[in-house]
1. Run through the other copies and list how far each one's label point is from that of B:Arg88, in nm with one decimal, shortest first; the point sits 7 Å from Cα along Cα-Cβ.
2. Counting trypsin sites (Lys or Arg not before Pro) as exposed when in a DSSP loop with at most 10 other beta carbons within 10 Å, what is the longest stretch of chain A free of them?
3. Mind checking which of A:Met110, B:Ser273, B:Ala199 is farthest towards the positive end of the protein assembly as shown's charge dipole, using Cβ charges of +1 (Lys, Arg) and -1 (Asp, Glu) about the Cα centre?
4. Taking Cα atoms of the range B:4-47, Rg/Rh with Kirkwood Rh, to two decimals?
5. Below 8 Å between Cα atoms, with a sequence gap of 6+, how large is the relative contact order for the range A:7-79 in percent?
6. Using just the C-alpha positions of the range B:1-130 as equal point scatterers, what log10 of I(q)/I(0) does the Debye formula give at each q in 0.15, 0.20, 0.21 1/Å?
7. May I ask you to list the chymotrypsin sites (Phe, Trp or Tyr not before Pro) in the range B:97-179 that are in a DSSP loop and have at most 16 other Cβ atoms within 10 Å of their Cβ?
8. Provide the per-residue ³J(HN,Hα) series for the range B:12-27, in order, calculated from phi with Karplus coefficients 6.51, -1.76, 1.60 and θ = phi - 60°, each as a whole number of Hz, with x at glycine and proline positions.
There are 2 protein chains.
Amino acid sequence: MPTIRDVAERAGVSVTTVSRVLNNRGYISEATRRKVYQAMEELDYQPNEVARSLFRKRSNIIGLIVPTVAHPFFAELTAYVEAYAYARGYKVLLCNSELDASKEQEYIWMLRRNQVDGIIMASHTLEVEEYKKLSLPVVTFDRFISNRIPYVTSDNYQGGKMAVELLLQRGCRKIAHMCGSLDLDMLANQRHRAFMDVAEERQVPYFTVETDINVFEMGKYEKLLEDLLTQEPEIDGLFLNSDIMAIAAMKVCRKLGKRIPEDMKIIGYDDVSLASLVSPQITSVRQPLAEMSELSVKLIEDLVEGRRVQVENCLPVELMERETT
Amino acid sequence: MPTIRDVAERAGVSVTTVSRVLNNRGYISEATRRKVYQAMEELDYQPNEVARSLFRKRSNIIGLIVPTVAHPFFAELTAYVEAYAYARGYKVLLCNSELDASKEQEYIWMLRRNQVDGIIMASHTLEVEEYKKLSLPVVTFDRFISNRIPYVTSDNYQGGKMAVELLLQRGCRKIAHMCGSLDLDMLANQRHRAFMDVAEERQVPYFTVETDINVFEMGKYEKLLEDLLTQEPEIDGLFLNSDIMAIAAMKVCRKLGKRIPEDMKIIGYDDVSLASLVSPQITSVRQPLAEMSELSVKLIEDLVEGRRVQVENCLPVELMERETT
DNA sequence: CAACATATGTCAACCGGTTAACATATGGGG
DNA sequence: CCCCATATGTTAACCGGTTGACATATGTTG
């Protein structure tokens with residue numbers, strides 16, 4: 001690999017001059033600039049970003065921690081984050097926590113050792129305290145840590161509300177909500193809050209199915225739902241906390257001979273592309289993932305630049321009614 | 001951020017000694033080791049990996065270039081690559097080429113500037129020549145570049161053969177294959193080779209639908225398939241090059257009132273988790289993604305370590321028969 | 001002609017580690 | 001008592017850029 005010294009020698013100028021060209025600072029004549037660029041070309045030179053990062057104390061790398069990129073929601077999130085990061089000159093170091101606290105912790109340490117400029121946390125397996133300790137810029141996704149750590153979220157309460165109201169409007173008399181663990185104080189729990197509020201207000205009997213501490217296992221979802229629907233065969237409306245869960249629900253209904261949407265209305269969450277791919281297309285509450293991702297990257301950048309940022313960043317959701325309601 | 005000097009001072013030893021502890025080299029007494037570790041703990045010290053990378057000329061970062069991680073196949077691939085990389089002490093820098101040649105090229109340059117140890121290329125928008133020029137370790141996914149660049153693939157010919165044979169065995173009389181552009185010399189094209197070979201051998205009429213240069217657009221798939229099936233209503237068997245395409249096919253069939261599998265047999269490819277999630281569950285040719293990913297990481301590692309590696313790494317595929325055939 | 005903008009060079013320090021070379025000290029084994 | 005393994009320190013160079021301080025030279029302008 002050629003170094004800046006090789007370039008300087010080849011172009012017949014000093015190292016300082018090459019650095020000046022590279023960084024566009026100080027006075028440089030067109031002629032010299034051309035000579036330098038030509039030398040770089042000839043040597044196929046590319047500046048060593050590791051050396052630059054060391055000096056600048058800036059790596060232009062963002063660490064992204066997700067539970068697993070194999071999950072469609074996080075895959076889409078990751079794709080968006082990557083796109084915006086790229087557009088702003090950042091690179092993305094991808095970390096899948098696999099919902100394993102120790103892996104997540106190790107990843108956090110690793111990211112710090114590697115001097116990433118900031119971390120976008122979309123996996124939350126650790127105690128809130130652990131996140132508070134972090135000394136580098138962090139933006140969380142859908143979780144409040146402290147009012148020193150900005151977070152990006154969408155209007156979960158409104159999303160839950162719209163979902164239940166749609167179910168009721170479509171005539172459901174007995175409904176259920178399936179969600180992740182409610183022990184963790186995730187913002188997504190507001191969906192359940194809304195679900196209960198509306199159900200109670202309208203005096204509609206309701207059930208809650210809490211999955212274990214964040215599992216993404218299809219089999220588990222199906223089992224839980226099948227148990228629920230056999231025990232409570234009168235349930236005619238399901239609100240699921242993800243589209244994947246909604247697909248599980250559709251499968252179970254098919255198995256139990258319940259027609260969708262005639263016998264059972266189903267509404268998912270996130271509106272991943274999958275939701276409109278399957279048949280019937282899933283009614284879902286859409287989170288503005290693109291905007292949320294863009295905002296996360298922007299927040300990291302603002303933090304790095306030392307700009308003041310808003311702690312709460314809540315974007316609106318949208319109900320996408322399709323064929324399952 | 002504390003430095004190694006701060007640690008040395010606090011522990012009352014020299015920088016060299018701290019470095020010795022950190023890297024486990026030379027003689028170190030237990031007492032000193034403890035003192036050093038304690039100082040690190042107290043200072044919350046973590047070695048700066050950027051500085052280390054600079055000196056070692058090793059970043060322990062692998063660049064992964066995929067068309068887009070939002071596509072389930074690449075999302076799963078990415079998840080596996082990440083897991084194996086993590087297990088072996090590597091980090092993953094994620095790059096989505098979005099099938100844009102210039103973005104892919106820029107990413108390659110970026111990865112080089114950032115001194116990644118190697119690149120796993122699962123996106124192939126550039127000319128073969130461009131890849132040959134790369135001076136750093138590269139492993140490609142499903143594409144042959146030259147016999148200096150190892151590649152990981154699965155038995156595409158066999159996969160195509162099994163797919164068509166299953167269709168015929170299930171009684172199809174007129175079949176079609178939908179695939180990406182056949183102009184690029186992708187190894188996946190062997191599936192089409194096999195498709196034609198078998199169809200001709202058995203004298204079954206067949207059709208080919210080539211999508212444009214690698215699009216991942218659902219709408220496009222549906223349009224192409226709908227056109228085909230309205231023009232050739234007698235087609236009763238479809239072999240699709242991905243499970244996403246298979247889902248598009250199912251949608252079109254539903255629209256045209258063709259029952260699956262009675263009126264139309266469908267077989268996808270990859271066996272992403274989606275394939276067994278939707279209803280009816282998709283019959284698909286399974287690529288051993290986990291093994292392929294593991295192998296890719298291992299190959300990069302071997303190349304980095306200067307070990308000899310095999311150029312062709314072809315793993316077996318498996319037919320997963322489900323409900324669409 | 002003085003003053004200043006433009007253009008380039010030299011030199012050295014710095015970013016935060018790593019390492020080789022060499023010095024020094026201690027304690028145990030033969 | 002000598003030799004050697006063990007343990008630690010000192011010093012300096014190095015990885016590949018960046019930057020500030022300062023020197024120098026040329027050309028332009030009022």
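Derivation of every value follows stated rules applied to the coordinates shown; laboratory data play no part. Computed from a prediction, not measured in an experiment: that's the story for all the values here. Because the Cβ atoms are built from the backbone with ideal geometry, glycine has one as well, and the counts that use them run over all protein chains shown.
1. B:Arg88 label point versus its equivalents elsewhere: 3.3 nm.
2. A:26-147
3. Farthest towards the positive end: A:Met110.
4. Value, to two decimals: 0.90.
5. Worked out over the range A:7-79, it gives 22 percent.
6. Rounded to two decimals, the profile gives -0.78, -1.05, -1.11.
7. Answer in residue order: B:Phe144.
8. x, 9, 8, 4, 4, 4, 4, 4, 4, 5, 4, 9, 6, 9, x, 8
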